[in-house]
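Okay, structure first, notes after.
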Amino acid sequence: MFMTEIPLVARYIIHFNEFLVGSVSAVGALATFVMSAFINSKLSSTLRRKVFIASSLAYALVFPTFYFSNSITIWPIVFVSGFVLGAIMPNIITSASLLPDRKARERVLSIYTLTLSISLVAGPAIEGYLLRIYPLLETFIFFSIFPALVFVTSFFIKFPEEQSNVKIEAKNVIKNHGFKVSVYNIMTYNIPFAFILTFGGIYARDFFGASYSTVTLMFSSFFFTSFISRLLLALKPPENLWRLMILSVLLTTVGLMGIVESPSLTVMELSMLILGFPHGFTYPLSVISISRAFDISSRNAANSLFFSIMMAIGSVMPFVSGSVVLYIGLKYSFVSVIPVILIILLLLHHEMKLLSIGKSGGQYTAA
């Protein structure tokens with residue numbers, strides 16, 4: 001809800017222009033990046049647990065205040081929400097990757113991302129129902145139960161036992177080819193995903209007159225196909241990551257072209273269904289790549305840096321997408337990112353070749 005509703009609130013309740021809509025989304029992502037990259041990644045395991053619980057409480061307290069959003073209050077509310085999420089999300093990833101056995105660990109990671117998909121399907125579906133009865137801002141009151149559950153369950157999240165004399169340098173993490181694979185892989189989707197989340201709903205309303213309820217249900221169907229792809233990964237953890245990474249880029253390209261050429265809302269919804277599959281694949285493939293590339297003592301630093309890079313992209317792209325929409329229009333903004341993701345695919349292929357030369361290459365490309 002946080003991802004899909006904020007652009008709608010900014011555009012249709014507060015009446016921001018395209019650039020300011022992108023800017024609101026960027027502020028949340030930037031705040032997440034700051035927490036994840038500069039604070040969470042540098043904390044000891046014991047202190048991280050305390051920050052994690054405190055952040056969960058802060059999220060539960062701040063989320064209901066979206067109901068009072070206006071042109072002034074929305075900025076600090078989005079910032080604080082994004083900031084505390086920077087302490088919540090990386091630690092959940094690390095907790096899910098603690099098992100020593102590779103196949104068991106990757107199955108748990110796939111189940112973790114599958115659970116995310118379940119929430120992404122259920123969230124817009126519930127929103128779609130509520131929006132038929134209640135105004136947009138009031139739905140934030142109903143959804144406040146979930147941040148409250150975050151706080152309650154935060155006490156049960158496991159944290160790794162880290163040796164106090166082990167210091168993980170960020171530069172060593174960034175140089176790791178497996179880490180680069182995870183980053184390039186997520187970039188092939190995070191960049192177009194920023195367009196989809198920020199302007200997908202606005203596109204459906206402006207071009208096809210879709211209602212708020214229809215927009216949220218469209219996102220629900222998008223996340224449903226994401227759920228299907230993650231379910232497949234949970235049932236059968238992948239051996240060959242590279243093949244699925246290529247497939248994801250191809251499906252992303254087809255889906256984006258489908259949105260641009262959509263003659264009706266039905267065709268756009270079909271394109272969103274296609275785009276859901278790479279959304280489901282890319283994130284688990286990246287966290288699996290990190291789990292294969294780092295031992296347990298290094299995994300928190302790698303996950304925090306990975307998540308912070310995701311958020312850095314997320315903080316830049318809404319500014320970029322808002323500017324692109326102003327210059328070339330909403331319709332062709334979606335297709336403008338295709339050359340970018342193809343270039344990133346080439347960089348990803350280069351890192352895969354370097355991995356195949358090294359001893360860990362078989363973990364990524366074995367049939």
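Mind checking which residues of the range 277-304 are in a helix (DSSP H, G or I), at pLDDT below 85 and not basic (Lys, Arg)?
Hits for the range 277-304 are ASN300, ALA301, ASN303, SER304.
Using beta carbons and a limit of 8 Å, which pairs, at least six apart or on different chains, have the first residue in the range 329-352 and outside the structural domain of HIS177 (by the TED database) and the second one open to solvent by less than 50 Å² (accessible area, probe 1.4 Å) and in a helix (DSSP H, G or I)?
none
So, in the range 316-344, how many residues would count as being open to solvent by 10 Å² or more (accessible area, probe 1.4 Å) and under 19 Å from LEU85 (Cα atoms)?
Of the residues in that region, 2 qualify.
A quick yes/no check of all residues on (1) crowded, with 19+ Cβ neighbours inside 10 Å; (2) touching a Phe, Trp or Tyr at 6+ places or on another chain (Cβ under 8 Å); (3) aliphatic (A, V, I, L, M); (4) outside the structural domain of GLY200 (by the TED database):
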{"residue": "TRP242", "(1), (2), (3), (4)": "yes, yes, no, no"}
{"residue": "LEU247", "(1), (2), (3), (4)": "no, yes, yes, no"}
{"residue": "ILE259", "(1), (2), (3), (4)": "yes, yes, yes, no"}
{"residue": "GLY280", "(1), (2), (3), (4)": "yes, yes, no, no"}
{"residue": "ILE290", "(1), (2), (3), (4)": "yes, yes, yes, no"}
{"residue": "ASP295", "(1), (2), (3), (4)": "no, no, no, no"}
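Among the residues of the range 196-216, write down those that are in a helix (DSSP H, G or I) and open to solvent by 50 Å² or more (accessible area, probe 1.4 Å).
Let us first name the residues in the range 196-216 that are in a helix (DSSP H, G or I), namely 196-208, 212-216.
Listed by number, the residues that qualify are ARG205, ASP206, PHE207, PHE208, TYR212.
Based on what the data block shows, is MET89 within 23 Å of ALA125 (Cα to Cα) and either in the same structural domain as VAL287 (by the TED database) or in a helix (DSSP H, G or I) (or both)?
Spelling it out, MET89 is indeed within 23 Å of ALA125 (Cα to Cα) and either in the same structural domain as VAL287 (by the TED database) or in a helix (DSSP H, G or I) (or both).
Within the range 217-224, is even one residue of a type in the set (Ser, Thr, Tyr), within 20 Å of THR4 (Cα to Cα), open to solvent by 20 Å² or more (accessible area, probe 1.4 Å) and modelled with pLDDT of 85 or more? Even if it seems obvious, please write down each step before you answer.
Step one: list which residues in the range 217-224 are of a type in the set (Ser, Thr, Tyr), which gives 220-221.
So of that shortlist, the ones also within 20 Å of THR4 (Cα to Cα) come out as 220-221.
Checking which are open to solvent by 20 Å² or more (accessible area, probe 1.4 Å) leaves us with 221.
Okay, now just the ones that are also modelled with pLDDT of 85 or more, so none.
No, the range 217-224 contains no residue that is of a type in the set (Ser, Thr, Tyr), within 20 Å of THR4 (Cα to Cα), open to solvent by 20 Å² or more (accessible area, probe 1.4 Å) and modelled with pLDDT of 85 or more.
Does SER44 satisfy the condition of being at pLDDT below 90 and under 30 Å from ALA10 (Cα atoms)?
Numbers: at pLDDT below 90: yes; under 30 Å from ALA10 (Cα atoms): no.
Considered against the rule, which asks whether it is at pLDDT below 90 and under 30 Å from ALA10 (Cα atoms), SER44 comes out as no.
Could you tell me whether TYR184 is under 15 Å from the mean Cα position of the chain (by Cα), surrounded by fewer than 24 Cβ atoms within 10 Å (Cβ to Cβ), part of a helix (DSSP H, G or I) and in the same structural domain as SER336 (by the TED database)?
yes
Which condition breaks for SER97 when tested against (1) among the polar types (S, T, N, Q); (2) over 23 Å from PHE224 (Cβ atoms); (3) assigned by the TED database to the domain that holds SER229?
The single condition SER97 does not satisfy is (3).
The values are calculated or read from the model by the stated rules, or taken from the named source; none is laboratory data. The shown structure was predicted, so the numbers you read here are calculated from the model rather than taken from an experiment. Backbone-built Cβ (ideal geometry, glycine too); neighbour counts: all protein chains shown. Surface accessibility is based on the protein's heavy atoms, side chains included, excluding ligands, DNA and RNA. Shrake-Rupley method; radii C 1.70, N 1.55, O 1.52, S 1.80 Å.
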